[in-house]
Structure formats: structure tokens, C-alpha cells
Amino acid sequence: MSRICEGRVVVVTGGGRGLGRAHALAFAAAGAKVVVNDLGVGLDGVVGGEGSGGEAADGAPRSQGAVRRPAGDVAADTQRPRQPASDSPPRQRRAVDGRSLRGGGAAGSTEEAAGGIPAGVTAGGGPAGDVVVGSSPAQHVVDEIRAAGGEAVAHGGDVATSAGAASLVAAALETYGRLDTLVNNAGFLRDRMLVNLDEDDWDAVVRVHLKGHFLPLKHAAAHWRAAAKAGRSPVARIVNTSSGAGLSGSLGQGNYSAAKAGIVGLTLVAAAELARYGVQVNAIAPAARTRMTERAFAESMTAPEAGFDAMAPENVSPLVVWLGSAASDGVTGRVFEVEGGRITVMEGWRAGPTVDKGARWTPEEAGEVAVKLLGEAEVPGAVYGA
């Protein structure tokens with residue numbers, strides 16, 4: 001096994017299951033010491049929500065229903081397949097049992113969390129915003145890493161709050177004395193068509209994905225900036241998790257698509273601003289099997305009895321580990337789609353055909369030139385599900 005991250009300290013948010021778990025285990029196998037952040041609750045980010053198991057935070061059995069609370073910290077984020085239009089570029093889709101799957105398609109999630117404290121997690125005992133993790137998905141991953149001879153610690157703070165994000169960085173520094181890599185991977189879904197999308201569901205999804213990326217990034221970057229100014233040049237890495245939904249849009253996922261597109265913009269700005277401090281920032285748009293994709297696309301997501309398991313979340317992690325290592329020197333501000341054995345560099349928005357009159361257009365003239373330019377431009381890719 002390559003030890004490409006020997007001695008590095010890596011934080012993974014949403015690291016309790018799915019892609020986050022795969023990333024945490026892969027970093028540990030590559031020699032890193034890992035801080036695993038996760039609360040491990042329902043699939044919609046609700047304490048006591050579906051898929052969390054056990055009892056609700058208020059002690060009521062799940063079958064009796066749990067009280068919904070504002071979404072906060074979250075779970076490992078991944079994507080579920082959608083049906084692109086037939087004119088989607090062949091290099092960006094793959095047939096799976098009659099379905100087309102574009103890497104990093106519409107997103108799902110594996111473990112999500114909320115602003116409350118789930119069963120198995122008790123408050124107190126750590127830095128501000130931290131919680132003590134008992135029998136939780138994060139602790140289970142830590143136990144796996146330690147059983148294999150690695151080093152890891154669990155963290156249960158809410159990364160969509162400043163206190164929780166600060167405590168996450170503090171956990172790495174207080175436990176291992178340094179922080180080298182941040183993998184932002186936490187998120188959940190609340191899918192609705194736009195006219196049926198509640199404001200609370202918009203706020204919850206944008207909060208957990210976009211704010212849940214921004215705050216850990218901010219606190220980690222502040223640490224690295226201070227180190228750089230003190231003459232200790234960091235070799236720091238941030239890997240963000242976007243989605244094909246953020247790159248192309250996805251029907252029924254306006255909140256999620258907007259948040260994931262925002263993560264791409266955040267990645268580009270952070271890469272430009274933090275380069276002077278020795279920090280590289282990139283993003284991935286992954287596709288893999290998780291609790292949600294297994295349920296929604298059971299046939300397509302079923303692991304084969306033999307041969308390459310293209311939808312295994314472990315297929316995504318090698319690129320994440322490389323991006324999080326010193327070996328990725330010079331790679332920053334880029335977005336990669338990752339699915340199975342395929343890695344694609346996404347090229348994003350670029351200037352296309354243009355006309356400059358050198359004076360103000362009339363509305364009729366502007367319309368004529370717009371139609372002409374559209375005829376010369378590439379046809380945009382289809383929104384997932386359209």
C-alpha cells in the first residue's frame with residue numbers, strides 16, 4: 001500500500017459512512033492521521049430521521065416519529081444517477097443496466113445530521129461546539145482505522161456553525177499538533193420540485209452544503225495563514241465535494257444544485273486567495289453507491305458477483321487522497337468528475353462567440369446578434385432528469 005500521506009493530518013467531514021468513510025480509511029492506509037467528523041442521523045438531515053436507526057434525540061423510538069430540528073452537521077455526501085438527455089456527450093455518461101449515469105450526477109447522501117444531538121452522542125467534554133462521540137458512525141470508522149494499526153479520532157461538532165468548525169480544526173491541532181488536509185464531504189438532500197420546495201428545506205440544504213464547506217475551510221485557512229506568516233510554510237490541501245447537479249443542474253434538486261454550484265465558486269475563489277499561503281483547493285463531483293443510491297437505483301447500484309465494482313465508493317478515494325497529499329503540488333482550482341475507473345477534468349465556463357459593436361445596441365439589434373452568437377456556440381449539456 002502506498003504511504004503517500006505518511007505523517008499528514010487529515011480532517012474528513014461526513015466521514016462516518018459512504019464516501020466519507022472510504023476517504024477516511026484510504027487516507028489512514030496511506031499513512032495519515034485522521035479526524036473523522038460525523039453525527040450519523042437521518043437521510044434528510046433530521047435527528048431521528050429515516051435511516052438513522054436507534055432512538056431519537058428525545059428518547060422516543062424512531063417508529064413513533066422524531067421531532068424535526070434545523071439541519072446542521074451532516075453526513076458523507078455522494079451522488080445518485082440521473083437520466084441525461086440522449087445528446088449528452090458520450091464521454092460524460094455511462095450506460096448501467098439501461099440507465100445513463102454521469103459521474104457526479106444528482107446527489108444523495110449517506111449519513112446526515114441536524115442541529116440537535118443524536119442518540120449515542122452526549123454534549124460537552126471538548127472545545128466549544130464539540131461533542132463527545134459515543135457509539136457513532138464516526139467512532140466506528142475510527143475503530144476500523146485503529147484496528148488496522150492507524151491513528152484516528154472522532155469529532156461530532158456541527159460543521160455548519162462557526163463553533164463546530166473551529167472545534168474541528170482544534171481537534172486536529174490538539175490531538176496531533178498539526179493540520180495538513182481538509183476534505184469537505186458532508187451533506188444531505190431534501191428534494192422537491194421548485195414550486196413545492198419549502199423555504200426551510202432550501203435553507204437547510206444550502207446551509208449544510210455551502211456553509212458546511214465555508215466554515216471548516218475558513219477556520220483551516222486561518223490556521224494555515226498564521227503559520228505562513230510565522231515563517232512555517234504549510235503544504236496544505238483542501239478537497240471540496242461538488243456534484244454533477246452543481247455542474248449541470250438536476251430536476252427536483254434546485255436547492256442542492258444551487259448549493260453544489262456554490263461550492264464550485266467557493267473552490268475557485270479559495271484556490272486564488274489561499275495560494276500565497278501554501279494552500280491548494282480543488283473539488284470533486286463523485287458518483288458511487290451509498291445508502292440512498294442503493295435504495296433509489298437498486299438494480300444499477302448492486303455490486304457485481306465478480307469483476308470490477310464500478311459503483312464502490314472506494315473508487316473515488318484514490319484521487320481524493322492524491323489531491324490531499326504533497327504529491328499534488330501545483331494542482332489547484334480544478335474540478336474533477338470521478339466514477340468507477342474514470343476521472344474527468346471539468347473545464348467549466350469559458351468565453352464563447354462574441355461580438356463588440358463599440359456602441360450601445362438597440363433591443364432589436366441585441367436580439368439579432370444574440371441569435372447569431374447562439375447559432376455559433378456549443379449546445380449546453382442537458383439538466384439531469386430533463
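If the condition is being part of a loop (DSSP other than H, G, I, E, B) and small (G, A, S), then segment 304-322 contributes A306, G307, A310, A312.
Kindly establish whether A382 is buried (at least 17 other Cβ atoms within 10 Å of the Cβ) and over 30 Å from H223 (Cβ atoms). Judged against the criteria, A382 is a match.
Kindly indicate the residue of segment 16-48 that is surrounded by fewer than 24 Cβ atoms within 10 Å (Cβ to Cβ) and at pLDDT below 95 and also farthest from V142 (Cα to Cα) among those meeting that condition. This residue is D44. Exactly one of (1) crowded, with 19+ Cβ neighbours inside 10 Å; (2) polar (S, T, N, Q); (3) farther than 28 Å from T344 by Cα is unmet by N240. Its number? Result: N240 passes all but (3). The residues of segment 354-386 that are among the small types (G, A, S) and in contact with a helix residue (DSSP H, G or I) (Cβ under 6 Å, 6 or more places away or on another chain) amount to a single one, G381. When G164 is tested against (1) surrounded by 24 or more Cβ atoms within 10 Å (Cβ to Cβ); (2) farther than 19 Å from R21 by Cα; (3) free of Cβ contacts under 8 Å to residues at least 60 places away in the same chain, only condition (3) is not met. For segment 206-217, the criterion of being in a strand (DSSP E or B) and within 24 Å of L39 (Cβ to Cβ) is met by no residue.
Hey, can you tell me all the residues within segment 335-373 that are among the polar types (S, T, N, Q) and open to solvent by 50 Å² or more (accessible area, probe 1.4 Å)? Listed by number, the residues that qualify are T354, T362. Filtering segment 114-163 to residues that are β-branched (V, I, T), at pLDDT 90 or above and more than 21 Å from H209 (Cα to Cα) leaves V141, V142, I145, V153. Residues that are part of a strand (DSSP E or B) and not β-branched (V, I, T) were ranked within segment 323-344; the one that is modelled with the lowest pLDDT is E339. Checked against the criterion of being open to solvent by 60 Å² or more (accessible area, probe 1.4 Å), touching a residue at least 24 places away in the same chain (Cβ under 8 Å) and part of a helix (DSSP H, G or I), segment 173-184 has at least one qualifying residue.
The values are calculated or read from the model by the stated rules, or taken from the named source; none is laboratory data. What you are looking at is a predicted structure, and each value in this text was computed from that prediction instead of being measured. Because the Cβ atoms are built from the backbone with ideal geometry, glycine has one as well, and the counts that use them run over all protein chains shown. These accessible areas exclude ligands, DNA and RNA; they are computed on the full protein's heavy atoms, side chains included. Shrake-Rupley method; radii C 1.70, N 1.55, O 1.52, S 1.80 Å.
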